[in-house]
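A.B. asks: Let me begin by handing over the structure; questions about it come next.
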Amino acid sequence: MPPTKRRAAKPAEAPELLALYRQMVGIRRFEERAARAYTEARVGGYCHLNLGEEATVVGLMSALRTDDYVFTNYREHGYALARGIAPERLMAELYGRSDGVSKGWGGSMHMFDAEARFMGGYGIVGGQVPLATGAALAIDYRGGSEAVVCLMGDGTTNIGAFHESLNIAALWNLPVVYVVVNNGLGMGTTVEMSSAEPELHRRASSYRMASACVDGNDPIAVRDAARIALDSARVGKPYLLETRSGRLKGHSVVDPARYRSQEEIAAVRDADPIAAFALHLRDAGVLTDDLVAEIDAAALAAATAAADFAEASAHPDIASLFDYTYATPVPNDSRRLPGQALFPAAPRPAAREAEAVNA
């Protein structure tokens, strides 16, 4: 979709706009430092970055109330930062350290913070969608005023759980906003090659659900669209919001993205949301070159400090491996460590015991 025509900033909006810009730059520098840590083998498992999606991230999160709930997929670092979780705790989690947001046991794809109502990233494609729908059902059952935002990539819209969740949310009037962050690629497959209806927000019409598509490179447009969606959800009308946002790197840190042409790569870089928003704020008189340099230096220092904090944090004790599996005790939950037998060894016959002793 073509870029949104930005309206002129009002003087009263300057602090909010600067805050959005600071968050975007902070996410960019954090993600770049995380990518470096991954190549240095300080981060294990998989690592998926929000590079290029910063406008979508901060636009969505700025529209939420503190008591709203957020469910994400495995591309989650930026959302956690924008939700107010300290970068030190996030980086420590990437490093698998005990000071991490999930005590070092979650890693990049499985961060969780109940206080921030950040209900986790999920490595299974679409795994978060039924859970977010269930959380919305719980809010409705209790008569609460909160809303749930459920983030997903474009590829998730092709799985059964997506359609089942939207159907039941519409039937039961649940307070949930489903957000499809469409970067045009499900891993390496284009939306046009995998979706018979590539205008993904239109899928909501199958469930008589309101929907919209917005320029994901414009944080103000995303924020305003998210506010409309959340207002709808709070009165029992679930909503599907699609944001079109580029991905500066491959699917994960180790993906060289050879499925992209040089022209496609250049187009995404030219649409860099941070550079575009900085230009807009300069034109509006909100941002100066000196302030750009100051914000960038502060973001870089924060990312470096987060990495230093993570490096100094202790590794978790293996004895705590099962401490956070369940929120409340569950009978007969397994505490078996890797390599341990599932069942106790059967007793050997007495004759064999005697042979073993006499041997």
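The values are calculated or read from the model by the stated rules, or taken from the named source; none is laboratory data. None of these values were measured; they are calculated from a predicted model. Virtual Cβ from ideal backbone geometry, glycine too; neighbours counted across all protein chains shown. Accessible surface is based on the protein model in full, side chains and every heavy atom, while ligands, DNA and RNA are left aside. Shrake-Rupley method; radii C 1.70, N 1.55, O 1.52, S 1.80 Å.
A.B. asks: Can Gly106 be described as small (Gly, Ala, Ser), part of a loop (DSSP other than H, G, I, E, B), in contact with a Gly (Cβ under 6 Å, 6 or more places away or on another chain) and open to solvent by 10 Å² or more (accessible area, probe 1.4 Å)?
C.D. replies: no
A.B. asks: Among Val180, Val129, which is under 18 Å from Tyr79 (Cα atoms), open to solvent by less than 10 Å² (accessible area, probe 1.4 Å), part of a helix (DSSP H, G or I) and β-branched (Val, Ile, Thr)?
C.D. replies: Numbers: Val180 fails: part of a helix (DSSP H, G or I).
Answer to the selection: Val129.
A.B. asks: Please find, within the stretch 317-327, the residue that is nearest to Arg97 (Cα to Cα) out of those that are open to solvent by less than 90 Å² (accessible area, probe 1.4 Å) and assigned to a loop (DSSP other than H, G, I, E, B).
C.D. replies: In the first step, residues of the stretch 317-327 are kept if they are open to solvent by less than 90 Å² (accessible area, probe 1.4 Å); the result is 319-323, 325.
Now narrow it down to the ones that are assigned to a loop (DSSP other than H, G, I, E, B): 321-323, 325.
Details: Leu321: 12, Phe322: 15, Asp323: 15, Thr325: 17 Å.
Taking the candidates together, the pick is Leu321.
A.B. asks: Please go through the stretch 245-284 and pick out each residue that is over 30 Å from Ala41 (Cα atoms) and touching a residue at least 40 places away in the same chain (Cβ under 8 Å).
C.D. replies: Ala271, Ala276, Phe277, Ala278, His280, Leu281, Ala284
A.B. asks: If I filter the stretch 53-98 down to residues being in a loop (DSSP other than H, G, I, E, B) and aromatic (Phe, Trp, Tyr), which single residue comes out as nearest to Asn217 (Cα to Cα)? So that I can check it myself, show each step before the final result.
C.D. replies: So the first thing to find is which residues in the stretch 53-98 are in a loop (DSSP other than H, G, I, E, B), and the list is 53, 63-68, 72-76, 83-86, 95-98.
From the residues that got through so far, the ones that are aromatic (Phe, Trp, Tyr) too are 74, 95.
On the way: Tyr74: 20, Tyr95: 30 Å.
Result: Tyr74.
A.B. asks: What number of residues within the stretch 159-177 are in contact (Cβ under 8 Å) with a residue 60 or more places away in the chain, buried (at least 22 other Cβ atoms within 10 Å of the Cβ) and not in a loop (DSSP other than H, G, I, E, B)? Lay out the reasoning, then the answer.
C.D. replies: Here is the first cut: in the stretch 159-177, the residues in contact (Cβ under 8 Å) with a residue 60 or more places away in the chain are 166, 169-170, 173-177.
Checking the rest, the ones that are also buried (at least 22 other Cβ atoms within 10 Å of the Cβ) come to 166, 169, 174-177.
Still in the list and also not in a loop (DSSP other than H, G, I, E, B): 166, 169, 176-177.
Residues that pass the stated criteria total 4.
A.B. asks: Right, here's the next one. Can we say Thr304 is outside any helix (DSSP H, G or I), out of contact with any Pro (no Cβ under 8 Å at 6 or more places or on another chain) and open to solvent by 40 Å² or more (accessible area, probe 1.4 Å)? Let's see the steps before the verdict.
C.D. replies: Working: outside any helix (DSSP H, G or I): no; out of contact with any Pro (no Cβ under 8 Å at 6 or more places or on another chain): yes; open to solvent by 40 Å² or more (accessible area, probe 1.4 Å): yes.
Here the answer is no, as Thr304 does not meet what is asked.
A.B. asks: Mind telling me which of the residues Leu90, Leu81 ends up being touching a Pro at 6+ places or on another chain (Cβ under 8 Å), buried (at least 19 other Cβ atoms within 10 Å of the Cβ) and hydrophobic (A, V, I, L, M, F, W, C)?
C.D. replies: Working: Leu90 fails: touching a Pro at 6+ places or on another chain (Cβ under 8 Å).
Result: Leu81 is the single residue among Leu90, Leu81 that is touching a Pro at 6+ places or on another chain (Cβ under 8 Å), buried (at least 19 other Cβ atoms within 10 Å of the Cβ) and hydrophobic (A, V, I, L, M, F, W, C).
A.B. asks: Do we find that Arg203 is closer than 12 Å to Asp154 by Cβ, in contact with a helix residue (DSSP H, G or I) (Cβ under 8 Å, 6 or more places away or on another chain) and in a helix (DSSP H, G or I) in this structure? Give the steps one after another, and end with the answer.
C.D. replies: Values: closer than 12 Å to Asp154 by Cβ: yes; in contact with a helix residue (DSSP H, G or I) (Cβ under 8 Å, 6 or more places away or on another chain): yes; in a helix (DSSP H, G or I): yes.
Taking the combined requirement at face value, the residue satisfies it.
A.B. asks: Please name all residue pairs, on different chains or six or more residues apart, with Cβ atoms under 6 Å, provided the first residue is in the stretch 86-98 and is farther than 14 Å from Tyr38 by Cα and the second residue is open to solvent by 40 Å² or more (accessible area, probe 1.4 Å).
C.D. replies: Pro87/Ala302; Glu88/Phe309; Ser98/Ala314
A.B. asks: Among the residues of the stretch 279-316, which ones are within 22 Å of Arg97 (Cα to Cα) and among the small types (Gly, Ala, Ser)?
C.D. replies: Matches in the stretch 279-316: Ala301, Ala302, Ala303, Ala305, Ala306, Ala307, Ala310, Ala312, Ser313, Ala314.
A.B. asks: Residue by residue through the stretch 263-283, note down the ones that are open to solvent by 40 Å² or more (accessible area, probe 1.4 Å), of a type outside the set (Gly, Ala, Ser) and modelled with pLDDT of 90 or more.
C.D. replies: Glu263, Arg269, Asp270, Leu279, Arg282, Asp283
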